[in-house]
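Report on one structure; see the data block that follows.
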Amino acid sequence: MRDPDWDITEGLDPEGPSAADLDRFGNEMVTCPECGSDIYDQAEICPNCGRLLSGPEKKLPLWTIAVAVLTIAMLLIWLA
């Protein structure tokens, strides 16, 4: 918890980010979604569990699931 007498604007560079931005985005640590450990927000891989943190998650697109289900259904109908 912060000291109520502490002023976030104290010592800020007038050319730099605003006090509100620093308060909102100033945390340099994030939580790994895999293992829950605190890691640096610029890390590409979690040093604890090795999970890749940048890039899209690898999920099957909905269309591939739909094609697979339709293919299996057609195959079952054809064999019946």
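The values are calculated or read from the model by the stated rules, or taken from the named source; none is laboratory data. Note that the structure is a prediction, hence the values are computed from the model and not measured. Quick reminder, even Gly has a Cβ in these numbers, built from the backbone with ideal geometry, and neighbours come from all protein chains shown.
Within segment 19-33, the set of residues being part of a loop (DSSP other than H, G, I, E, B) and modelled with pLDDT of 75 or more comprises Glu28, Cys32, Pro33. Can you say whether Arg51 is surrounded by 10 or more Cβ atoms within 10 Å (Cβ to Cβ) and modelled with pLDDT of 80 or more, as far as the supplied structure shows? It is true that Arg51 is surrounded by 10 or more Cβ atoms within 10 Å (Cβ to Cβ) and modelled with pLDDT of 80 or more.
Scan Gly16, Gly36 and give me the residue that is at positive phi and either at pLDDT below 75 or in a loop (DSSP other than H, G, I, E, B) (or both).
On the way: Gly16 fails: at positive phi.
The conditions single out Gly36.
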